[in-house]
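Chemist: This is the structure, below, for whatever I ask next.
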Amino acid sequence: MRNKVSIIGAGMTGSTTAHWLAERELADIVLVDVVEGMPQGKALDLFEALPVVGKDAKITGTNGYDETENSDIVVITAGLPRKPGMSRDDLLTANADIVGKAAGETIKRSPDAIYIILTNPLDVMAYLAMQVTNLPPQRVIGQAGILDSARMRAFVAMELGVSVENIHCYVLGGHGDEMVPLTKASNVAGIPLNEILPAERLEAIVERTRKGGGEIVSLLKSGSAYYAPAAAVAQMVEAILKDKHLIVPASAYLQGEYGLKDIFFGAPVQLGRSGVEKIFEYKLDVEERAALSKSAEGVKTNIEALRTMVKL
Ligand code: TXD
């Protein structure tokens with residue numbers, strides 16, 4: 001039996017995720033969206049591409065939830081994306097409604113699923129999904145860290161002209177402009193970034209990473225990034241379905257790690273068939289700790305705002 005992944009929200013990130021998954025023949029895919037005909041059209045178009053690339057996967061588009069029954073993984077991307085000048089937090093009210101409904105409808109039909117949340121504000125939406133589904137923290141994960149780290153890796157590759165494969169970067173914290181790109185743990189073929197790059201170049205890369213999402217939003221003018229975010233989801237799906245025990249940065253529910261509790265926050269997590277198997281802790285210096293607390297304050301404020309909006 002093939003694995004089954006349901007993607008709620010068949011917009012830019014949702015459909016691009018389906019594309020990456022189908023191309024890697026990772027699972028049968030269900031695309032759900034409220035727009036009539038759109039998920040059906042995208043599913044059919046994608047299925048018609050598979051004979052060309054020689055992959056087999058069943059791809060279904062629908063406006064309802066029944067087709068999502070017995071999913072192994074549910075990916076939630078439904079919601080509004082940012083417009084130029086908007087922060088991710090500005091999306092809280094509108095998207096809480098949408099994500100709450102998507103989580104409620106899917107958990108009824110797939111009680112054993114693992115959830116990957118993308119909708120912004122990411123860490124808060126992951127928190128909401130965990131509350132609505134009543135799942136253990138291991139089975140709800142937010143996608144942010146792979147993307148933020150990939151952006152940092154891309155910028156380092158541009159700067160040094162070396163293969164992206166040699167570059168390992170780790171970004172911790174909330175998925176907002178206060179995220180914490182690590183400069184000592186990140187490295188090029190084992191050489192820490194702060195030893196291989198001059199301080200001012202490194203600082204510029206850290207800043208560009210923090211604002212990486214906004215950079216794409218202002219270039220596109222409508223909508224936000226989708227190729228890189230969707231590639232990040234595909235990596236998480238693969239790690240889970242293949243039980244790879246892969247360590248990636250992602251937003252997970254913290255219960256004391258990094259001195260934080262009752263919050264979804266970006267940290268290195270080990271992903272396998274049961275979801276988050278383990279959360280790793282870096283030894284951070286004073287500056288990194290301070291930056292992490294600042295980022296955590298932002299996420300906590302939003303979780304509080306969510307609590308006043310939705311009874312949790
Ligand atoms: O890495 C990350 N975490 C992010 C997250 C990277 C990129 C995008 N990020 C966030 O994901 C973004 O800020 C938004 O909150 C979501 C979706 O972004 P996307 O770029 O995919 O937006 P689109 O193209 O507008 O797609 C959203 C779809 C659209 O087709 C709507 O019709 C649909 O969501 N939608 C719904 N689907 C199902 N059910 C409901 N209720 C619903 N409401 C809207």
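Chemist: Determine which member of the set GLN143, GLN138 is within 13 Å of the ligand (Cβ to nearest atom), touching a residue at least 12 places away in the same chain (Cβ under 8 Å) and of a type outside the set (Lys, Arg). Spell out how you get there, then give the answer.
Modeler: Values: GLN138 fails: within 13 Å of the ligand (Cβ to nearest atom).
The unique qualifying residue is GLN143.
Chemist: Let me ask you something else. Looking at region 100-136 only, could you name the residues that are under 23 Å from THR62 (Cβ atoms) and among the small types (Gly, Ala, Ser)?
Modeler: Once the filter is applied, which keeps residues that are under 23 Å from THR62 (Cβ atoms) and among the small types (Gly, Ala, Ser), region 100-136 yields GLY100, ALA102, ALA103, GLY104, SER110, ALA113, ALA129.
Chemist: Something else: Which ones in region 187-221 are touching a strand residue (DSSP E or B) at 6+ places or on another chain (Cβ under 9 Å) and among the hydroxyl-bearing types (Ser, Thr, Tyr)?
Modeler: Hit for region 187-221 is THR209, nothing else.
Chemist: While we're looking at this one, here's another question. Take the residues in region 94-122 that are more than 10 Å from the ligand (Cβ to nearest atom) and surrounded by fewer than 16 Cβ atoms within 10 Å (Cβ to Cβ); name whichever of them is farthest from the chain's Cα centre (by Cα).
Modeler: Quick first cut of region 94-122, residues more than 10 Å from the ligand (Cβ to nearest atom) only: 96, 103-104, 106-115.
Narrowing the set further to residues that are surrounded by fewer than 16 Cβ atoms within 10 Å (Cβ to Cβ) leaves 104, 108, 111-112.
Values: GLY104: 20, LYS108: 23, PRO111: 21, ASP112: 20 Å.
Taking the candidates together, the pick is LYS108.
Chemist: Considering each residue of region 24-48, count those that are in contact with a Lys or Arg (Cβ under 9 Å, 6 or more places away or on another chain) and either open to solvent by less than 80 Å² (accessible area, probe 1.4 Å) or in a loop (DSSP other than H, G, I, E, B) (or both), and give that number.
Modeler: Step one: list which residues in region 24-48 are in contact with a Lys or Arg (Cβ under 9 Å, 6 or more places away or on another chain), which gives 24-31, 33, 47.
Add one more test, that the residue is either open to solvent by less than 80 Å² (accessible area, probe 1.4 Å) or in a loop (DSSP other than H, G, I, E, B) (or both), and what stays is 24-31, 33.
The qualifying residues number 9.
Chemist: Going by the structure shown, is ALA154 at negative phi, open to solvent by 20 Å² or more (accessible area, probe 1.4 Å) and part of a loop (DSSP other than H, G, I, E, B)?
Modeler: Numbers: at negative phi: yes; open to solvent by 20 Å² or more (accessible area, probe 1.4 Å): yes; part of a loop (DSSP other than H, G, I, E, B): no.
No; evaluated as a whole, the condition is false for this residue.
Chemist: Moving to a separate point now. I want to confirm something. Restricting to region 57-93 and keeping residues that are within 15 Å of the chain's Cα centre (by Cα), within 21 Å of THR301 (Cα to Cα) and open to solvent by less than 40 Å² (accessible area, probe 1.4 Å), which single residue is nearest to the ligand (Cβ to nearest atom)?
Modeler: GLY79
The values are calculated or read from the model by the stated rules, or taken from the named source; none is laboratory data. None of the values given here were measured: they were computed from a predicted structure. Ideal geometry is used to build each Cβ from the backbone, glycine not excepted, and the neighbour counts take in all protein chains shown. Quick note on the areas: whole protein, heavy atoms, side chains included, nothing else; ligands and nucleic acids left out. Shrake-Rupley method; radii C 1.70, N 1.55, O 1.52, S 1.80 Å.
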